[in-house]
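Asker: Mind having a look at this structure? Questions to follow.
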Amino acid sequence: MKNALTTGRVPQLLASRPAFVLERLARGGGATNWYFCAGVPGLEALGRVLRPGSSVTFYFAINMSRSQLGSLPRDALASCIRSTGDALVLVPRTGTLAVRKFLVIVVDELDEEFADLPPDTEVLFGPYPGPDNDGIDSVTLELPDADGILRPHPH
């Protein structure tokens, strides 16, 4: 799996800008994990947490807006939900690769989901991105299974 991350476009792009990383789990029934990779040195740690067989997309120019949780523009979030069916709120975590995520379908769910966070917590929000692979702003990789074989999986 390490080779899949360290060759190709991903290290080249990470050398100049960070990425949000979406892991779609193989046979995971739609389960996902989000990570933040600040640069090439972060690929080794990322390789330790990604699961074999996953589809992994690096978003180098994710179309997200920044806000503090307490002043999150709920009307913009509601507009995103109306136009795309859902929205995504990401809460970066200091000192870790993991990013807390919340898929928003109803804006009122925010208060309950993030009740444990102070209002000045920085969040990113916007439409849930697709599995893009333009090689510039996003790169999608299919990871081999634990035995090293690349197999098609439902993601």
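Asker: Give all pairs with beta carbons closer than 7 Å in which a residue from the stretch 61-81 that is in contact (Cβ under 8 Å) with a residue 60 or more places away in the chain meets a residue that is among the aromatic types (Phe, Trp, Tyr) and not in a helix (DSSP H, G or I); count only pairs at least 6 apart in sequence or on separate chains.
Answerer: Short answer, once both residue conditions are applied: Ile62/Phe20; Met64/Phe125; Ser65/Phe125.
Asker: Being out of contact with any helix residue (DSSP H, G or I) (no Cβ under 7 Å at 6 or more places or on another chain) and modelled with pLDDT of 80 or more narrows it down to one of Asp111, Asp120, Asp132, so name that one.
Answerer: Sole residue among the options that is out of contact with any helix residue (DSSP H, G or I) (no Cβ under 7 Å at 6 or more places or on another chain) and modelled with pLDDT of 80 or more: Asp111.
Asker: Out of (1) in a strand (DSSP E or B); (2) touching an Asp or Glu at 6+ places or on another chain (Cβ under 9 Å); (3) within 18 Å of Pro18 (Cβ to Cβ), the odd one out for Leu103 is which?
Answerer: Leu103 satisfies all of (1) in a strand (DSSP E or B); (2) touching an Asp or Glu at 6+ places or on another chain (Cβ under 9 Å); (3) within 18 Å of Pro18 (Cβ to Cβ) except (3).
Asker: Same structure, new question: When only residues in the stretch 119-155 that are hydroxyl-bearing (Ser, Thr, Tyr) and outside any loop (DSSP other than H, G, I, E, B) count, which is farthest from Gly28 (Cα to Cα)?
Answerer: Across the stretch 119-155, the extreme among qualifying residues is Ser138.
Asker: Next question. Which one of Arg66, Arg48 is farther than 18 Å from Ile136 by Cβ, assigned to a helix (DSSP H, G or I) and out of contact with any helix residue (DSSP H, G or I) (no Cβ under 6 Å at 6 or more places or on another chain)?
Answerer: Arg48
Asker: Now for a separate question. Given the options Leu46, Leu25, Leu14, name the one that is within 14 Å of the chain's Cα centre (by Cα), farther than 15 Å from Lys101 by Cβ and at pLDDT 90 or above.
Answerer: After applying the criteria, what remains is Leu46.
Conditions (1) under 26 Å from Ile149 (Cβ atoms); (2) part of a loop (DSSP other than H, G, I, E, B), marked per residue:
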| position | (1), (2) |
| --- | --- |
| Phe58 | yes, no |
| Asp75 | no, no |
| Leu90 | no, no |
| Leu117 | no, yes |
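Asker: Oh, and also: I'd like to check something: does the stretch 107-114 contain any residue that is aliphatic (A, V, I, L, M), part of a strand (DSSP E or B) and surrounded by 10 or more Cβ atoms within 10 Å (Cβ to Cβ)?
Answerer: No, the stretch 107-114 contains no residue that is aliphatic (A, V, I, L, M), part of a strand (DSSP E or B) and surrounded by 10 or more Cβ atoms within 10 Å (Cβ to Cβ).
Asker: Here is a list: Gly42, Gly53, Gly47. Which entry is assigned by TED's automatic domain parsing to the domain that holds Pro144, surrounded by 17 or more Cβ atoms within 10 Å (Cβ to Cβ) and at negative phi?
Answerer: Of Gly42, Gly53, Gly47, the one residue that is assigned by TED's automatic domain parsing to the domain that holds Pro144, surrounded by 17 or more Cβ atoms within 10 Å (Cβ to Cβ) and at negative phi is Gly42.
Asker: Another question, if that's okay. Here are some residues: Gly130, Gly126. Which one is closer than 18 Å to Leu77 by Cβ and within 14 Å of the chain's Cα centre (by Cα)?
Answerer: After applying the criteria, what remains is Gly126.
Asker: So which pairs qualify, if the first residue must be in the stretch 116-137 and more than 17 Å from Cys80 (Cβ to Cβ), the second must be outside any loop (DSSP other than H, G, I, E, B) and at pLDDT below 85, the Cβ gap must be under 8 Å, and the two must be at least 6 apart or on different chains?
Answerer: If the second residue must be outside any loop (DSSP other than H, G, I, E, B) and at pLDDT below 85, the pairs left are Glu122/Pro92.
The values are calculated or read from the model by the stated rules, or taken from the named source; none is laboratory data. Everything numeric here is computed off the predicted structure, so don't read it as measured data. No Cβ is skipped: glycine too gets one built from the backbone with ideal geometry, and neighbour counts run over all protein chains shown.
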